[in-house]
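Right, one structure below, let's go through it.
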Amino acid sequence: MNLHFAPTLDLYLLWGIALCGLVLLALSIAIYKRGALIRCAVFCILMLPLLNPSIIKETRGYVKDVVAIIIDQSMSQDFGERQQRSEAALSYLKEQINGMDAFDLRIVNTLQNGAITSRTDLFNVLDQSIADVPTKRRGGAIFLSDGQVHDVPQNEEQFNNYGPVHLLLSGEKSEKDRRIIITKAPAYGLVGKNVEIKYRIEDSRNINQEAANVVLTMSSGAQLNFHSPINEEQSITVALENPSQNIFSIEVDSVEGEITQANNKAAIIVNGVRDRLKVLLVSGSPNVGERTWRNLLTSDAGVDLVHFTILRDPSKMDAIPKNELSLIAFPFRELFEIKLYDFDLIVFDRYRVNNLLPSYYFGNIARYVKEGGAFLEASGSEFADKRSIYNTAIGDILPGKPTGNISNLRFKPKITELGHSHPVTKSMIWNNRFITKDAPASWGSWMRYIDIQALRGDTLMSANDNNPLLLLDRVGKGRVAQISSDHIWLWSRGYDGGGPHTELLRRVVHWLMKEPELDERALDVSVNKNNITIRKQNNANLIEEDISLTKPDGEQEVIKLKANESGLLEYKLDAEQLGIYAFADVNGSRKFAIIGDINPLELGGVITTTDKFKELISASNGTAIWLDETPKPRISAVNNAKKFGGSDWLALKRNNDYNVTGIENIAILPEWAILLMIFSALILLWLREGQSD
């Protein structure tokens, strides 16, 4: 209850009356010293009804304090029996706290929309959940977690924002864990060169081992095994085999009884960049098309081009002295024997067999391709006669065999049915649009093609009567492309509207260089949040195909790619773990999908611990309880305490906050009593003043 004044007059008028009264009272006391006390009393009684005093009585409704239970739903909670302990503790807490009828309980789930996260953020979701709750109504926060949290407040002023903080640990004190950490790895490297990767193996204190076996898996699937000491930084050197992404995984042996093997593996992504693409272009004779090849290859600053054009057949009989036959001698031994393997690509443009190049050098070229090199043959009329290079050792690696016929009929190059699904030709751009089945109608015509028989490989483009025009094939470890016409230069000159000569040749060259994006046999793996989609070209018209899947925890299974409406083989996977998913088909093609960060913070520490909560618990006078030892701690509610918990109990804070539900205004004296007091005081004053006279 509170004393309240509600003046009946305006406040300024009331102050004026009081001032006048005090002046008169002071004068009367100065003149008539006797009776001062009674005059003061009468003055106060006369002022009392003007002040209108009363007593305010509030009706209060006490409100419940808010207690938040934060459930850690990160991936590490799936280890051991953590999830089961947390669920049992949550059920117990809800029953006990709701039974007190003193708290408003809020359950905070950290898993949003089923998404797998790379880190454990508990305080962000807690702050969002209780943002509408005043600090004086917060009764405490209870965390069901393994203690591996990545957003604990660092500002001590925030420690008391939640009330007492309690941590109920879902793990065990005796947990073991081994993990591998990448300490240094370059983001980029040169294709064909080595890069250095540094790593360290860390064991928990209760593992007494000095060394462990480590396996390094290359992008190709090849593996290296070695023995490494524990808790010492080690380095390994690996070669970058492919342009674009090179994904390596490094894995250490597991320890018996360790909490998880998910962090025994780490991934490294190094983007391969070609230093220089070294190309050897040999033109069998001067021709208008060789400039198209030269312009294409020299337009890229990353290409080192060596170009030779044979100006004169050595068998030609004329009176020109031999020392005047050429600007330089053709360095066939240096090109095709000594430095053959220095070239990334060899292009023969309208080449014919002559006495210039000894026959065994063709065998060197064929062997170079089988061992991983690249060869492109652009056929002219020479390919159809007896002096065709098909009649040399190179014929063993070419996918198309000449029939001896040459067509000089006008034709428009067409994309074959296979070509519409092959990465090299399916998404070529011409006139700012992607090609379609009708696109060749807008392409310019060619005037000649060499009739060949496709023995093997993929026919992506055709001429009249579906005769092969562009063939691609794999030979051993290398690749071969064959174009059965020398008239692609017509497109470059814009004849009959021109065509996508640059795009076509660029894609063919990149396929020969084994660019992963153009590999028709490769698995295409895409990731959208937690969803992984695996696709593959269905060149054999299969209904389904088995591929192997290795999950981040090492579990392996076989999944089936099935033909979809687009004619591709496809499988969709909902990932349930963070880390690297590896896919491999029967051809040895390997692809990886990474869910979360490449080496997620969530797996950086998985041992149950109180370390990250220690300062917060201490500042808020809370406690940490191990659920494996005390699955049902005692719970109480207290107004205030120096300590809100122990090893087997916890307390929640009652703030006794309230809302005012009603106000009652009670007069101190009734009106008749006030009138009686005034009348009595005046009579008393009159009698007293009369006696003075």
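I'd like to know which of ILE207, LEU682, VAL606 lies farthest towards the positive end of the charge dipole of the chain, counting +1 on Cβ of Lys and Arg and -1 on Cβ of Asp and Glu.
Final value for the positive-end residue is LEU682.
Quick check: the distance between the Cα centres of segment 585-663 and segment 238-295, to the nearest angstrom?
The distance from the Cα centre of segment 585-663 to that of segment 238-295 comes to 44 Å.
What lysines does LYS265 reach when the alpha-carbon gap must be under 19 Å and sequence neighbours fewer than 8 apart in one chain are set aside?
Excluding near neighbours in sequence, the set is LYS176, LYS184, LYS198, LYS551, LYS591.
For LEU418, put the label point 7 Å out on the Cα→Cβ axis and report which residues of segment 379-412 keep their amide N under 15 Å from it.
Only 398-401 pass the distance filter.
Can you give the extra length, in nm with one decimal, that the chain gains between ASN160 and GLU544 once fully stretched, where that is 0.36 nm per residue apart less the Cα-Cα distance?
132.3 nm
If packing is taken as the mean number of other Cβ atoms within 10 Å per residue, what is the order of 262-275, 191-204, highest first? List each step's numbers first, then the result.
Numbers: 262-275: 19.6, 191-204: 16.6.
My ranking of the peptides, most packed first, is 262-275, 191-204.
As an exercise, use a Förster radius of 45 Å and the Cβ-Cβ distance of ARG333 and SER526 to find the FRET efficiency, rounded to the nearest 0.05. Kindly include the intermediate steps, with their values, before the conclusion.
Working: r = 49 Å, r/R0 = 1.08.
It comes to 0.40.
Rounded to the nearest 20 debye, what is the charge dipole size of the chain about its Cα centre when +1 sits on each Lys and Arg Cβ and -1 on each Asp and Glu Cβ? Write out the running numbers ahead of the final one.
On the way: 75 positive and 85 negative charges, 268 e Å.
Computed charge dipole of the chain: roughly 1280 debye.
Exceeding 27 Å between C-alpha atoms, which entries from my cross-link table qualify? They are LYS412/LYS536; LYS193/LYS370; LYS339/LYS401. Mind showing how you got there, number by number?
Details: LYS412/LYS536 30 Å; LYS193/LYS370 21 Å; LYS339/LYS401 29 Å.
Listed pairs above 27 Å: LYS412/LYS536; LYS339/LYS401.
Could you tell me which helices of the chain pass both thresholds, a Cα extent of 24 Å or more along their own axis and a mean Kyte-Doolittle hydropathy of at least 1.0, with helices taken as whole DSSP H runs? Show your work: numbers first, answer last.
Details: long enough: 11-31 (30 Å, 2.49); 82-100 (27 Å, -1.03); 671-692 (32 Å, 1.17).
Span-like helices, by this rule, are 11-31, 671-692.
Compute the distance in nm between two label points, each set 7 Å from the Cα along the Cα-to-Cβ direction, one at GLU202 and one at ARG474.
4.1
Of ALA651, ILE247, PRO670, which is farthest towards the positive pole of the chain's charge dipole, taken about the Cα centre with +1 and -1 on the beta-carbons of Lys, Arg and Asp, Glu respectively?
The one lying farthest along the dipole's positive direction is ILE247.
Points 7 angstrom from Cα along the Cβ direction at GLU503 and ILE683: gap in nanometres?
Inter-label distance under the simple model: 11.7 nm.
Can you divide the C-alpha Rg of segment 277-512 by 2.2 N^0.38 Å and report the result to two decimal places? Walk me through the numbers on the way to the answer.
On the way: Rg = 17.5 Å, N = 236, 2.2 N^0.38 = 17.5 Å.
Compactness ratio reported: 1.00.
As an exercise, use a Förster radius of 30 Å and the Cβ-Cβ distance of ASP104 and ASP78 to find the FRET efficiency, rounded to the nearest 0.05.
Working: r = 30 Å, r/R0 = 1.01.
Rounded to the nearest 0.05, the efficiency is 0.50.
Counting pairwise Cα distances across segment 524-595, what percent come out greater than 17 angstrom? Provide the component values of the computation, followed by the final result.
Details: 962 of 2556 pairs.
When all Cα pairs of segment 524-595 are counted, 38 percent exceed 17 Å.
Got a sec? How would LEU650, LEU470 order by Cβ neighbour count within 10 Å, fewest to most? It would help to have the intermediate numbers written out before the result.
Details: LEU650 24, LEU470 27.
Ascending number of Cβ neighbours within 10 Å: LEU650, LEU470.
Send over the Kirkwood Rh of the chain, from the inverse of the averaged 1/r over different Cα pairs, rounded to one decimal Å.
It is 33.8 Å.
What is the packing order of peptides 206-217, 579-590, 226-237, taking the mean over residues of other C-beta atoms within 10 Å and listing the highest first? Before the final figure, lay out each step's value.
Numbers: 206-217: 14.3, 579-590: 17.8, 226-237: 12.4.
Taking the mean over residues of other Cβ atoms within 10 Å, the ranking is 579-590, 206-217, 226-237.
For segment 213-275, give the magnitude of the charge dipole about the Cα centre (Cβ charges: +1 Lys/Arg, -1 Asp/Glu; no others), in debye to the nearest 20.
For segment 213-275, the charge dipole is close to 280 debye.
Among the lysines, which have Cα under 20 Å from the Cα of LYS632 when same-chain residues fewer than 8 positions away are ignored?
LYS94, LYS173, LYS643, LYS653
On a full-extension model of 0.36 nm per residue, what is the gain between GLN223 and SER636, subtracting their alpha-carbon distance, rounded to one decimal in nm?
Details: separation 413, 0.36 × 413 = 148.68 nm, distance 5.85 nm.
In short, 142.8 nm is gained.
Tell me, GLU629, GLU377 in order of fewest to most beta-carbon neighbours within 10 Å?
Numbers: GLU629 12, GLU377 24.
Going from sparsest to densest Cβ surroundings: GLU629, GLU377.
Within segment 140-179, whose backbone N sits under 16 Å from a point 7 Å along Cα→Cβ of ILE230?
Hits in segment 140-179 for ILE230 at 16 Å: 174-179.
Determine the dipole magnitude for segment 524-595: charges of +1 sit on the beta-carbon of Lys and Arg, -1 on that of Asp and Glu, nothing else is charged, the reference point is the Cα centre, and the result goes in debye to the nearest 20.
On the way: 9 positive and 12 negative charges, 46 e Å.
In debye, rounded to 20, segment 524-595 gives about 220.
When the helix-only estimate is applied to the chain (DSSP H runs of n ≥ 4, each -39,500 (n - 2.57), divided by the residue count), what is the mean residue ellipticity at 222 nm, nearest 500 deg cm²/dmol?
Values: 10 runs with 127 residues, N = 693.
About -6000 deg cm²/dmol.
Return the aspartates and glutamates within reach of LYS562: Cα separation strictly under 19 angstrom, same-chain partners fewer than 8 residues apart disregarded; answer none if there are no such residues.
Correct list for LYS562: GLU520, ASP524, GLU544, GLU545, ASP546, GLU570, ASP574, ASP585.
From the P(r) of segment 178-274, can you give the percent of Cα pairs sitting at distances over 24 Å? Intermediate results must be reported in sequence, preceding the final value.
Numbers: 1060 of 4656 pairs.
Result for the distance tail: 23 percent.
For each of VAL42, VAL133, VAL279, count neighbouring Cβ atoms within 10 Å of the residue's Cβ, then give the residues from fewest to most. Working shown, then result.
Numbers: VAL42 21, VAL133 16, VAL279 24.
Least crowded to most crowded, the residues run VAL133, VAL42, VAL279.
Work from the charge dipole of segment 393-514 (Cβ charges, +1 for Lys and Arg, -1 for Asp and Glu, about the Cα centre) and give the residue of ILE488, VAL508, TYR449 farthest towards its positive end.
In segment 393-514, that residue is VAL508.
Which of the peptides 597-609, 248-260 is most tightly packed, and how do the rest follow, judged by the mean count of other Cβ atoms within 10 Å per residue? Let's see the in-between values first.
Details: 597-609: 20.6, 248-260: 18.2.
Most protected by this proxy first, the peptides run 597-609, 248-260.
Coordinate-derived values only; no laboratory data. Quick caveat: nothing in here was measured; it's all calculated off a predicted structure. Note that each Cβ is placed from the backbone with ideal geometry, even for glycine, and that neighbours are counted across all protein chains shown.
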